[in-house]
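Only one structure is covered here, and it is reproduced in the block below.
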Amino acid sequence: MVSLEEFRAYRSPLKDFYDGKYVLLTGGSGFVGKLLIEKLIKCNAAEILLILRRKKDLSPTERLEQLLGKEAVFVNYEKNPQLYLSKIRLIEGDISEVGVGISNDDLAYIYERTSIIVHAAADVRFDESLKESIQTNVRGTQEMLKIAEKCRQLEIFTYISTAFSHCVLGVIEEKFYDPPLDPSVLIKASESENDADVFEQLSKKLIEPWPNTYAFTKSLSEEMVRRYKAKLPVAIIRPSIITTTMVDPIAGWTDNLYGFNGVVCGAATGVLRIFHIHMDYKASIVPADTVINATLAVTWYAASHREEDNVYNCTTDDNPVSWRETQHQLEHWKDRIPFDKSLWITTYNTTRFKLVADVLSILYHVLPALFFDALLQLGGQKPRVLKLYRKVHRFSAVLRFFTNNQWCFRTARMRRVLDAMAAGDQQYFPCDAKAIQWNSFLDHQIKGLRQYLMRDPWSTLEKSVRRHRLRTFAHWCLLAVLYGGMLYLVGKVLHAYGYIDFTGLHESNLEECLEAEAI
């Protein structure tokens with residue numbers, strides 16, 4: 001990890017671009033937003049204008065204090081909290097509201113000071129209603145563009161989209177695409193209270209062939225950005241499946257169970273035991289710090305190349321890894337660093353056939369869940385394992401589209417940005433997919449998921465290993481009893497139908513013994 005002092009001493013056009021700038025940031029409480037805050041503070045931005053809403057009776061100020069004090073990603077906060085507090089100006093607002101819910105005084109400050117806008121806020125839930133997704137992802141982007149239009153010193157507006165915004169295509173170019181529907185019409189339809197029920201009933205038909213409301217509304221959001229291209233300097237970056245950090249600012253950090261993180265944690269905790277996936281397809285995963293640094297690099301580059309179509313795919317197509325390769329590497333650690341908070345040992349099975357996955361989920365998920373819930377009830381506790389598996393199955397269902405298809409993401413424009421970076425930038429802003437060492441990254445990922453997401457301190461490792469060994473022994477004993485019982489039942493059935501004659505076998509053995517004694 002590069003120290004703050006070393007980073008501040010480094011000079012390059014990319015790093016100096018952010019020095020002394022006022023950056024308006026949305027989504028700062030999210031996974032990507034937290035990493036952006038940490039990096040922008042390192043870059044010595046003059047101020048981060050952070051849009052934050054009230055949540056669960058907590059004010060934006062209280063939320064920020066919790067955020068900074070809780071997350072390990074803010075690596076210098078514990079020893080120097082003023083470094084963060086002096087750089088962050090809170091703007092109370094809500095991206096899902098018209099006008100973003102920002103007061104007039106705060107708007108005036110934004111219009112006067114802002115030079116860079118990074119719009120990272122989004123509703124990332126795949127199963128969100130179409131109405132909510134449109135109002136947050138599409139209308140929210142439109143409202144931020146309206147604010148950007150009035151910023152007198154604006155140099156660039158960067159929108160963080162997703163590589164799967166156009167996942168209905170086999171090859172995804174770095175360019176603007178025509179939207180599936182007019183986003184302005186859909187915004188109006190989502191705002192109509194009279195037709196709300198009809199709108200939701202039609203939502204499945206409206207988003208076809210997109211797999212979910214998230215990917216669909218992201219494609220509409222990109223169209224909103226394209227419509228402002230003639231008025232504003234804009235850039236779009238499309239990351240694929242974002243996972244944990246690789247090295248920057250710390251290795252293996254994440255704060256969520258979305259996507260690939262959820263699959264790894266589910267398998268490591270013994271919860272996810274069968275998964276529908278094509279193991280030989282490319283895993284479109286990308287380390288989170290690669291995304292953050294690429295976003296900052298793209299923002300810098302696009303600010304001085306306004307005439308270009310500044311659309312960039314941030315993927316690992318230049319250095320691909322398959323789902324099978326990721327599984328093999330992660331399995332190296334299942335007996336070495338078992339998760340303390342686990343249901344059972346790792347017994348992860350995969351199939352590319354949906355019917356097989358559905359049938360095996362009954363054997364591997366539902367039946368064990370019923371068994372564990374029965375034990376909980378006998379112990380006077382509330383059954384909860386079957387409820388957990390209902391969530392697991394919903395999670396698996398929304399990921400099937402992405403684990404059983406693969407895409408080709410063009411990255412020529414992104415490579416142009418990488419080529420424009422200074423020689424030392426890849427040390428301080430690592431974002432070249434070709435430099436990813438997958439085995440090393442996946443090792444950091446499994447350790448990071450245990451430490452940062454599952455909150456399993458390393459002090460519990462010895463106890464977890466001992467329990468893991470006992471569970472492994474119990475697992476094999478259970479399998480021996482189960483398969484032995486099945487073999488016995490099969491033998492009994494075959495004997496009942498005359499396929500096996502145990503009586504004759506016994507008589508034959510008796511005759512052989514008598515003959516042996518006579519001799």
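The values are calculated or read from the model by the stated rules, or taken from the named source; none is laboratory data. This is a predicted model, so every value here is computed, not measured. We place every Cβ from the backbone using ideal geometry, glycine too, and count neighbours over all the protein chains shown. Each accessible area value is taken on the protein alone, full model and side chains, heavy atoms only, with ligands, DNA and RNA left out. Shrake-Rupley method; radii C 1.70, N 1.55, O 1.52, S 1.80 Å.
Can you tell me which residues in region 142-181 are open to solvent by less than 30 Å² (accessible area, probe 1.4 Å) and under 21 Å from the mean Cα position of the chain (by Cα)? Before you say what the answer is, go through the steps one by one.
We begin by selecting, within region 142-181, every residue open to solvent by less than 30 Å² (accessible area, probe 1.4 Å); these are 143-145, 147-148, 151, 154, 156-167, 172, 174.
Scanning region 142-181 gives Thr158, Tyr159, Ile160, Ser161, Thr162, Ala163, Phe164, Ser165, His166, Cys167, Ile172.
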- Any idea how many residues of region 136-187 are under 21 Å from Ile102 (Cα atoms), among the polar types (S, T, N, Q) and touching a Ser or Thr at 6+ places or on another chain (Cβ under 7 Å)? 5
- Query: If you take the residues in region 17-39 that are among the aliphatic types (A, V, I, L, M) and either touching a residue at least 60 places away in the same chain (Cβ under 8 Å) or out of contact with any helix residue (DSSP H, G or I) (no Cβ under 9 Å at 6 or more places or on another chain) (or both), which one is nearest to Ser161 (Cα to Cα)?
  - Reply: Val32
- Which condition breaks for Arg53 when tested against (1) in contact (Cβ under 8 Å) with a residue 24 or more places away in the chain; (2) within 22 Å of Pro430 (Cα to Cα)? (2)
- Note on the structure: In region 128-141, anything open to solvent by less than 50 Å² (accessible area, probe 1.4 Å) and in a helix (DSSP H, G or I) is listed as Leu130, Lys131, Ser133, Ile134, Gln135, Thr136, Asn137, Val138, Arg139, Gly140, Thr141
- Message: For a quick check of your reading: which strands (runs of 3 or more DSSP E) sit entirely within region 263-351 and have at least 2 residues that are within 30 Å of Ile362 (Cβ to Cβ) and not β-branched (Val, Ile, Thr)?
- Response: 274-276
- Across region 412-447, the tally of residues that are touching a Ser or Thr at 6+ places or on another chain (Cβ under 9 Å), not acidic (Asp, Glu) and not in a helix (DSSP H, G or I) stands at 8
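Looking at this structure, is Val493 at pLDDT 95 or above, among the β-branched types (Val, Ile, Thr) and either part of a helix (DSSP H, G or I) or open to solvent by less than 90 Å² (accessible area, probe 1.4 Å) (or both)? Let's see the steps before the verdict.
Numbers: at pLDDT 95 or above: no; among the β-branched types (Val, Ile, Thr): yes; either part of a helix (DSSP H, G or I) or open to solvent by less than 90 Å² (accessible area, probe 1.4 Å) (or both): yes.
So Val493 does not fit the description; no.
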- Item | Any pair with Cβ under 6 angstrom, 6 or more apart, that starts in region 451-474 at a residue that is assigned to a loop (DSSP other than H, G, I, E, B) and ends at one that is buried (at least 16 other Cβ atoms within 10 Å of the Cβ) | Met454/Phe339; Asp456/Phe339; Asp456/Asp340; Asp456/Arg450
- Here is a list of conditions, (1) surrounded by fewer than 20 Cβ atoms within 10 Å (Cβ to Cβ); (2) modelled with pLDDT of 95 or more, and Asn256 meets all of them except one; can you say which number that is? (2)
- Considering residues of region 208-227 that are open to solvent by 20 Å² or more (accessible area, probe 1.4 Å) and farther than 13 Å from Asp309 by Cβ only, the residue modelled with the highest pLDDT: Arg227
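I'd like to know if region 393-411 contains one or more residues that are within 30 Å of Ser12 (Cα to Cα), open to solvent by 70 Å² or more (accessible area, probe 1.4 Å) and assigned to a helix (DSSP H, G or I). Don't jump to the end; show me each part of the working.
Residues of region 393-411 within 30 Å of Ser12 (Cα to Cα): 409-411.
Add one more test, that the residue is open to solvent by 70 Å² or more (accessible area, probe 1.4 Å), and what stays is 410.
If we keep only those that are assigned to a helix (DSSP H, G or I) as well, we get none.
No, every residue in region 393-411 fails to be within 30 Å of Ser12 (Cα to Cα), open to solvent by 70 Å² or more (accessible area, probe 1.4 Å) and assigned to a helix (DSSP H, G or I).
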- Kindly state which helices (runs of 4 or more DSSP H) lie completely within region 1-113 and contain at least 2 residues that are under 25 Å from Arg125 (Cβ atoms) and open to solvent by less than 30 Å² (accessible area, probe 1.4 Å). 31-42, 60-70
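Give region 301-336 a look and list any residue that's more than 22 Å from the chain's Cα centre (by Cα) and open to solvent by less than 40 Å² (accessible area, probe 1.4 Å), or say none.
First pass over region 301-336, keeping only residues more than 22 Å from the chain's Cα centre (by Cα): 301-310, 332, 335-336.
Of everything in region 301-336, those that are more than 22 Å from the chain's Cα centre (by Cα) and open to solvent by less than 40 Å² (accessible area, probe 1.4 Å) turn out to be Tyr301, Ala302, Ala303, Glu308, Asn310.
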- How about region 182-205: which of its residues are part of a loop (DSSP other than H, G, I, E, B), of a type outside the set (Gly, Ala, Ser) and either open to solvent by less than 50 Å² (accessible area, probe 1.4 Å) or out of contact with any Asp or Glu (no Cβ under 9 Å at 6 or more places or on another chain) (or both)? Glu193, Asn194, Asp195
